[in-house]
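Values quoted throughout were computed directly from the atomic coordinates according to the rules given, and no laboratory measurement underlies them. Predicted model, so just to flag it, every value in this text is computed and none were measured. With ideal geometry, Cβ positions are generated from the backbone for all residues, glycine too; neighbour counts draw on all protein chains shown.
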Amino acid sequence: MAAVPPFMDLAVRAPDDLLSEAPVLPQGLVGAILFGPEAKPRREEAFRWRPDLRWRHAEALDRVVGESHASFPSHSAFVIDLTLPPGILEDWLKRPEAWWPLCQALRGTPRLVRLNLPPGSQHAAQVKQIVRRFPDARFWIDPFVYGPHPGWQAQVRLAENRNVFLTTRGLLPGPGGLWDEGQIVEALHFLVGEVGAGTLLYASGASWEDLLAGRTEASRAWLADCGQLDGDELMLVFCETAQTLLGESDTSLLSVLP
């Protein structure tokens, strides 16, 4: 059995209730990005209890605007979670120049904008125009979240651009999973061959309660044992690429481990 490396979970649903005491966290956790309406205050509470870990949060955005707009996420948000209705998304993707206010605000920062794309390849060419037009902005895509829907390969190939990062969200096996283990092996083989493991980030999409209860441990262990990622690639996926995105190129994330 492969050793499961330390991990940073890039997609955890924040708890609804206040953290009344220091959480008992899974072994190996070095940080997390919290999503949901309570993400910012819960991140602040988690940091108060465990300042040795890297806590970040996402804030939602439902329009393509710049930082001068009142709805633009706060500067403390590491992820801008951009969700547009399908028709509006299609309209904006036809006008790459209109993304300037948003992408200019991200230029030269470690922040990422998460593009919530529909399944398939229909928008891949348009997204490619945007990520190439704004190479100093960083984009996050979840190509596996809809399951093995035709066209997921085109979303993976967007990470041929150095400013696009992919996540494991939706890919890991388990009860209710959309991918079976054989399909996951094939997807990882394709990803590593096409864009490299350094583009992939671990993101469980789990609730805070599931994370604390260790219910994501089996999926991480399976990913470590499936044979598609060697030891160095596992470290990239679970921790090191996230560390680099946070602007921490040394071993500071790993120093919290016993």
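To the nearest 20 Debye, how big is the dipole of the stretch 1-151 about its Cα centre, given +1 on the beta carbon of each Lys and Arg and -1 on that of each Asp and Glu? It would help to have the intermediate numbers written out before the result.
Numbers: 18 positive and 17 negative charges, 113 e Å.
With only Lys, Arg, Asp and Glu charged at Cβ, the dipole is about 540 debye.
What percent do you get for the relative contact order of the stretch 141-224 when only Cα pairs under 8 Å and 6+ apart count?
30
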Worksheet item: In the stretch 132-231, which trypsin sites (Lys or Arg not before Pro) are in a loop and have at most 14 other Cβ atoms within 10 Å, using DSSP for the loop call?
Response: Arg162
Worksheet item: Which trypsin sites (Lys or Arg not before Pro) from the stretch 42-124 combine a DSSP loop assignment with at most 16 other Cβ atoms within 10 Å?
Response: Arg63, Lys94, Arg107
Fill in: Cα centroid separation, the stretch 1-40 to the stretch 102-167 (Å)
24
Response to the item:
Two pseudo-spin positions, 7 Å from Cα along C-beta at Asp17 and at His149, lie apart in nanometres by 3.5
Discussion item. With unit charges on the beta carbons (Lys and Arg positive, Asp and Glu negative) and the dipole taken about the Cα centre of the chain, which residue among Ser204, Pro6, Thr167 sits farthest to the positive side?
Written reply: Thr167
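Rounded to a whole number, what is D in µm²/s for the stretch 178-244 from Stokes-Einstein with the Kirkwood radius over alpha-carbon pairs (25 °C, 0.890 mPa s)?
Once the numbers are plugged in, D ends up at 193 µm²/s.
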Fill in: Order of Asp232, Asp17 - criterion: other Cβ atoms within 10 Å of each residue's Cβ, fewest first
Asp17, Asp232
Worksheet item: Rounded to the nearest 0.05, what FRET efficiency is calculated for Asp91 and His189 with R0 set to 30 Å and r the Cβ-Cβ distance?
Response: 0.25
Worksheet item: Roughly speaking, what is the stretch gain from Asp52 to Ala125, that is 0.36 nm per residue apart minus the C-alpha to C-alpha distance, in nm to one decimal?
Response: 22.2 nm
Practice prompt. Rank Ala22, Ala39, Ala77 by mean-square fluctuation in a GNM of the chain with C-alpha springs under 10 angstrom and give only the top-ranked residue.
Written response: Ala22
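State, as an integer percentage, the relative contact order of the chain based on alpha-carbon contacts under 8 Å between residues 6 or more apart.
Reported as a whole number, the value is 21 percent.
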